[in-house]
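J.: Got a structure here, written out as structure tokens. Questions coming.
Each value in this text was obtained by applying a stated rule to the coordinates, not by laboratory testing. Predicted, not measured: the structure shown is a model, and the values here were computed from it. Note that we place each Cβ from the backbone using ideal geometry, even for glycine, and neighbour counts take in every protein chain shown.
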Amino acid sequence: QVQLVESGGGLAQAGGSLRLSCAASGSIFSINDMCWYRQAPGKQRQLVASITTDGSTNYADSVKDRFTISRDNAKNTVYLQMNSLKPEDTAAYYCNAGVVIPGPYRIFEVWGQGTLVTVSS
């Protein structure tokens, strides 16, 4: 069984910063793309940022130049550095990963439980 556990959410003021972490644990052979999504109250979940195994990144237009996604493959961990936060960044943030499980090899899409980010004006 594979789990993703997020941490680092909380309350920040507009203009401030937070860093989210998401660590994968369990029977893992490798991890493909890792992503961060967010869901604000009453809205659909949206992709915030993604990163491939070789470090190529992609961002939603709303967070470009403010958020940075990175990963540590040795630790099976993905990070989201959020700078210049805005009240509209308030949401539950979820990490997502394509995890390759051994014996026999299979790929599962795994979600974390979410961490809440609240940005006050």
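J.: Using a 7 Å offset from the Cα along the Cα-to-Cβ direction at both ASP33 and ASN58, what is the distance between the two label points in nm, to one decimal?
T.: 0.4
J.: Quick one: dipole size for the chain, taken about the Cα centre, charges +1 on Lys/Arg Cβ and -1 on Asp/Glu Cβ, in debye to the nearest 20. Let's see the in-between values first.
T.: Numbers: 10 positive and 9 negative charges, 27 e Å.
Roughly 120 debye, rounded to the nearest 20.
J.: Taking region 11-80, which trypsin sites (Lys or Arg not before Pro) meet the DSSP loop condition and have no more than 11 other C-beta atoms within 10 Å?
T.: Working: sites: ARG19, ARG38, LYS43, ARG45, LYS64, ARG66, ARG71, LYS75; in loops: LYS43, ARG45, LYS64, ARG66.
Answer in residue order: LYS43, LYS64.
J.: Then there is this: If you build the convex hull over the alpha carbons only and average its shadow over all orientations, what do you get for region 7-121? Give it in nm² to one decimal. Walk me through the intermediate numbers first.
T.: Numbers: hull surface 28.0 nm².
For region 7-121, the mean projected area of the Cα convex hull comes to 7.0 nm².
J.: State the antiparallel share, in %, of DSSP beta bridges confined to the chain, rounding to the nearest 5.
T.: Within the chain, antiparallel bridges account for around 90 percent of the total.
J.: Still on this structure: Taking R0 as 25 Å, what's the FRET efficiency between LYS75 and SER121 from their Cβ-Cβ distance, rounded to 0.05?
T.: Working: r = 35 Å, r/R0 = 1.40.
With a Förster radius of 25 Å, E is 0.10.
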